[in-house]
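Visitor: Structure below; questions to follow.
The values are calculated or read from the model by the stated rules, or taken from the named source; none is laboratory data. As the structure is a computational prediction, the values presented were derived from the model and not from experiment. We place every Cβ from the backbone using ideal geometry, glycine too, and count neighbours over all the protein chains shown.
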Amino acid sequence: MTTEFVPQRYKKGEAQPNNDAAVEKDQTQPTNTAAVEKNQTQPSNNAVVDKQKKQPQSTAAVAAPVTATQTPEEGADEQVQPKPPAKRNTASKSSSSTSKSSGDTAKKKAVTVTKKVFTVQQASIAPMVSRVAQGVNSKKSKKVIENCLLMTITKGGTMNLVGAAADIEIISRTKVNVVTGITKTLKLAVQADRLNNLLRSFNSSDELEFTVKKNPKAGDGGYHMTLILKCGRSQYSLALFDPDAYPSISMSKDVTTFQIANNDLLWGLQRTLITAAHQDVRYYLNGVYMEFSPEKDNDSHLRLVGTDGHRLGTCTVAASYSDEKRPVTSCILPRTSAVKINGLIGTDGDCQVQVSSSLLRVATPFVVITSRLIDGRYPDWRRVCPQPEQVEGYEKCSIVRSDAKQLISRCSLMVNEKTTALSVKSTKDKHLEVSASNATDENGVELISYSSDNEIDLEIGLNATYVQDALNQFDGYSDTIEFFLHKSGQSPLVIKHDDNPTLSYVVMPLRV
């Protein structure tokens with residue numbers, strides 16, 4: 001008996017279709033497996049994708065902007081994080097709230113620091129920066145803040161520029177146009193040399209726009225703000241530094257205050273700076289000595305003195321003191337500070353001077369200069385500055401200043417470079433013979449005529465440079481000057497002028 005093979009998927013007794021019929025049946029009817037039936041009842045992931053392809057309106061709703069038929073929550077939901085279509089209806093409320101919170105977070109991340117913008121003319125700010133930069137340390141320092149100047153801008157449009165170093169502080173002021181963002185006082189610390197050179201490169205008629213904004217590239221140790229300078233098509237980005245670390249100088253309450261004309265103060269500083277010491281080991285000589293109300297019988301003057309130990313210059317200028325109480329009666333102004341005051345305050349108008357035990361401040365409408373004083377005791381200059389009219393042995397010789405300048409300048413070409421000494425001796429016909437020689441046996445002789453009540457007989461050695469410097473300080477007076485010479489030849493030469501007896505120079509003698 002032959003065993004008949006029946007496939008397991010067909011029941012016994014049913015007809016077995018041929019292969020062609022089975023193929024046709026497979027195409028029209030799904031296979032009789034549990035997996036296939038499950039796929040027919042529950043669509044697979046591929047079926048969902050096919051369904052999305054057959055429904056283009058769903059895709060368009062995701063890609064297109066929010067329409068009038070859509071609620072704002074639905075539009076935000078689709079743009080921020082699209083949800084599968086099957087879960088859209090069941091979790092519409094929760095997805096809307098999630099979308100709203102995520103949208104708020106995105107907005108918070110997009111918020112940046114409000115920009116602070118102001119504009120100013122180049123002609124208004126460039127001279128100020130150049131002036132204030134003189135107070136900044138010119139040598140490169142490891143602390144960058146020491147090479148910076150401080151810009152302070154108020155919401156009202158007032159800009160204060162501060163340049164400070166260890167021994168001096170310079171402040172200047174101008175007006176700017178606040179565009180936006182400055183609601184309280186804004187402080188900016190920027191490198192002085194870089195800003196100064198950049199501003200000088202623009203034309204005086206250029207309008208400069210400054211913008212302060214956050215600097216995302218700043219490191220952990222840097223200051224996270226930057227200054228943008230725009231002018232026409234030009235744009236520059238300057239680094240900013242912590243303004244709270246900028247040095248400052250403050251005056252004490254116990255000060256001596258007086259008013260003085262700018263021209264008088266500059267005139268006195270120029271006449272005494274020429275004789276002040278420069279980098280001398282005796283540090284107290286490296287400045288100008290100032291005495292307040294030096295004469296008891298004349299309470300409205302300021303005395304200035306400068307000496308380097310070999311020569312001395314002194315003068316007196318008018319000053320008006322605001323109070324009889326003067327906690328400070330004298331001070332020593334450093335040479336460097338005197339030079340900067342001389343170049344900054346100008347000759348017009350008046351200035352107010354305040355002096356404490358350690359600081360001196362000169363204030364004008366355009367600039368305020370505060371300088372530290374030299375802490376030392378100035379020598380008694382009156383002991384080395386004789387009063388020739390009251391000392392026996394001194395003779396007064398009147399000389400034409402322009403002739404003396406020319407003759408001494410020409411004769412000094414032959415002096416020894418190491419000593420620069422001139423030999424001065426009197427002759428019987430009221431002439432002063434000025435001679436010079438050097439190591440190569442070169443020499444020169446000049447005769448200067450003088451007028452005097454008595455004939456003098458002396459010989460003295462003098463430094464040619466010191467005598468020339470003293471003669472140059474009497475510009476503006478008549479051309480006749482007075483030489484006070486001592487008969488011994490061992491006492492110093494005193495140079496004065498009858499038009500201003502308070503201005504005098506002392507030149508110590510040399511061995512010839």
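Visitor: In region 279-291, what residues are surrounded by fewer than 22 Cβ atoms within 10 Å (Cβ to Cβ) and within 24 Å of Gly346 (Cα to Cα)?
Guide: Residues satisfying the conditions are Asn286, Glu291.
Visitor: Would you mind finding the one in Arg173, Arg131, Arg194 that is surrounded by fewer than 21 Cβ atoms within 10 Å (Cβ to Cβ), within 22 Å of Met251 (Cα to Cα) and either out of contact with any Asp or Glu (no Cβ under 7 Å at 6 or more places or on another chain) or touching a residue at least 12 places away in the same chain (Cβ under 8 Å) (or both)? Walk me through how you get there before you give the answer.
Guide: Values: Arg131 fails: surrounded by fewer than 21 Cβ atoms within 10 Å (Cβ to Cβ); Arg194 fails: within 22 Å of Met251 (Cα to Cα).
Matching residue, one of Arg173, Arg131, Arg194: Arg173.
Visitor: In region 155-163, is there at least one residue being buried (at least 19 other Cβ atoms within 10 Å of the Cβ) and in contact with a Pro (Cβ under 9 Å, 6 or more places away or on another chain)? Before you say what the answer is, go through the steps one by one.
Guide: In the first step, residues of region 155-163 are kept if they are buried (at least 19 other Cβ atoms within 10 Å of the Cβ); the result is 159, 161-163.
Pick out the ones that are also in contact with a Pro (Cβ under 9 Å, 6 or more places away or on another chain) and you get none.
No; the residues of region 155-163 include none that is buried (at least 19 other Cβ atoms within 10 Å of the Cβ) and in contact with a Pro (Cβ under 9 Å, 6 or more places away or on another chain).
Visitor: Any idea which of Lys340, Lys325 is more than 22 Å from Val132 (Cβ to Cβ), of a type in the set (D, E, K, R) and either buried (at least 18 other Cβ atoms within 10 Å of the Cβ) or out of contact with any strand residue (DSSP E or B) (no Cβ under 6 Å at 6 or more places or on another chain) (or both)? Spell out how you get there, then give the answer.
Guide: Details: Lys340 fails: more than 22 Å from Val132 (Cβ to Cβ).
After applying the criteria, what remains is Lys325.
Visitor: Could you tell me which of the residues Val434, Val355 is within 44 Å of the chain's Cα centre (by Cα) and either closer than 16 Å to Phe483 by Cβ or not assigned by TED's automatic domain parsing to the domain that holds Arg131 (or both)?
Guide: When all the criteria are applied, what remains is Val355.
Visitor: Could I ask something else about it? In this structure, does Arg303 turn out to be crowded, with 18+ Cβ neighbours inside 10 Å and either of a type in the set (A, V, I, L, M, F, W, C) or assigned to a strand (DSSP E or B) (or both)? Walk me through how you get there before you give the answer.
Guide: On the way: crowded, with 18+ Cβ neighbours inside 10 Å: yes; either of a type in the set (A, V, I, L, M, F, W, C) or assigned to a strand (DSSP E or B) (or both): yes.
When the stated conditions are applied, Arg303 passes them.
Visitor: I'm trying to understand the selection: among the residues of region 488-512, which are surrounded by fewer than 17 Cβ atoms within 10 Å (Cβ to Cβ) and in contact with a Cys (Cβ under 8 Å, 6 or more places away or on another chain)?
Guide: Within region 488-512, Asn500, Thr502 meet the criteria.
Visitor: Also: Which ones in region 194-213 are over 15 Å from Asn177 (Cα atoms) and aliphatic (A, V, I, L, M)?
Guide: Start the filter on region 194-213 by keeping residues that are over 15 Å from Asn177 (Cα atoms), which leaves 194-205, 213.
Selection gives Leu195, Leu198, Leu199.
Visitor: Separate question: What is the one condition in (1) in contact with a helix residue (DSSP H, G or I) (Cβ under 8 Å, 6 or more places away or on another chain); (2) in the same structural domain as Glu207 (by TED's automatic domain parsing) that Lys230 does not satisfy?
Guide: Going through (1) in contact with a helix residue (DSSP H, G or I) (Cβ under 8 Å, 6 or more places away or on another chain); (2) in the same structural domain as Glu207 (by TED's automatic domain parsing) one by one, Lys230 breaks only (1).
Visitor: Could you identify the single residue in Thr158, Thr174, Thr185, Thr152 that is in the same structural domain as Ala239 (by TED's automatic domain parsing), more than 22 Å from Leu344 (Cβ to Cβ) and of a type in the set (S, T, N, Q)?
Guide: Details: Thr158 fails: more than 22 Å from Leu344 (Cβ to Cβ); Thr174 fails: more than 22 Å from Leu344 (Cβ to Cβ); Thr152 fails: more than 22 Å from Leu344 (Cβ to Cβ).
Of the residues listed, the single one that is in the same structural domain as Ala239 (by TED's automatic domain parsing), more than 22 Å from Leu344 (Cβ to Cβ) and of a type in the set (S, T, N, Q) is Thr185.
Visitor: Okay, moving on. Within region 232-248, which residues are crowded, with 19+ Cβ neighbours inside 10 Å and either among the β-branched types (Val, Ile, Thr) or in a strand (DSSP E or B) (or both)?
Guide: If the condition is that a residue be crowded, with 19+ Cβ neighbours inside 10 Å and either among the β-branched types (Val, Ile, Thr) or in a strand (DSSP E or B) (or both), then Leu240, Phe241 are the ones that fit.
Visitor: Scan region 453-465 for residues that are at pLDDT 90 or above and closer than 18 Å to Val400 by Cα and jot them down.
Guide: Taking region 453-465 and keeping what is at pLDDT 90 or above, we get 459-465.
Residue satisfying the conditions is Ala464 alone.
Visitor: For region 439-476, give me each residue that is under 30 Å from Leu273 (Cα atoms), touching a residue at least 24 places away in the same chain (Cβ under 8 Å) and not in a strand (DSSP E or B).
Guide: Of everything in region 439-476, those that are under 30 Å from Leu273 (Cα atoms), touching a residue at least 24 places away in the same chain (Cβ under 8 Å) and not in a strand (DSSP E or B) turn out to be Tyr450, Ala464, Thr465, Tyr466, Val467, Gln468, Asp469, Ala470, Leu471, Asn472, Gln473, Phe474.
Visitor: Can you pull out every residue in region 144-170 that is assigned to a loop (DSSP other than H, G, I, E, B) and in contact (Cβ under 8 Å) with a residue 40 or more places away in the chain?
Guide: Ala165, Ala166, Asp167
Visitor: While we're looking at this one, here's another question. Output the residue which, of all residues in region 383-427 that are β-branched (Val, Ile, Thr) and closer than 12 Å to Leu485 by Cβ, is surrounded by the most Cβ atoms within 10 Å (Cβ to Cβ). Steps first, please.
Guide: Residues of region 383-427 β-branched (Val, Ile, Thr): 384, 391, 399-400, 408, 415, 419-420, 424, 427.
Subset that is closer than 12 Å to Leu485 by Cβ: 391, 399, 424.
Working: Val391: 12, Ile399: 21, Val424: 24.
That would be Val424.
Visitor: State all residues of region 360-374 that are surrounded by 19 or more Cβ atoms within 10 Å (Cβ to Cβ) and under 18 Å from Leu304 (Cα atoms); if no residue qualifies, say none.
Guide: Selection gives Leu360, Arg361, Val362, Ser371, Leu373, Ile374.
Visitor: Look at Ser356 and say whether it is touching a residue at least 12 places away in the same chain (Cβ under 8 Å), within 29 Å of Ser293 (Cα to Cα) and among the small types (Gly, Ala, Ser). Spell out the reasoning first.
Guide: Values: touching a residue at least 12 places away in the same chain (Cβ under 8 Å): yes; within 29 Å of Ser293 (Cα to Cα): yes; among the small types (Gly, Ala, Ser): yes.
Yes.
Visitor: Residues to consider are Ile399, Ile374, Ile369; find the one that is farther than 30 Å from Tyr283 by Cβ, aliphatic (A, V, I, L, M) and not in a helix (DSSP H, G or I). Before you say what the answer is, go through the steps one by one.
Guide: Working: Ile374 fails: farther than 30 Å from Tyr283 by Cβ; Ile369 fails: farther than 30 Å from Tyr283 by Cβ.
Going through Ile399, Ile374, Ile369 in turn, the sole match is Ile399.
Visitor: Right, Leu229: modelled with pLDDT under 95 and under 28 Å from Thr185 (Cβ atoms) or not? Full working, then the answer.
Guide: Details: modelled with pLDDT under 95: no; under 28 Å from Thr185 (Cβ atoms): yes.
It is false that Leu229 is modelled with pLDDT under 95 and under 28 Å from Thr185 (Cβ atoms).
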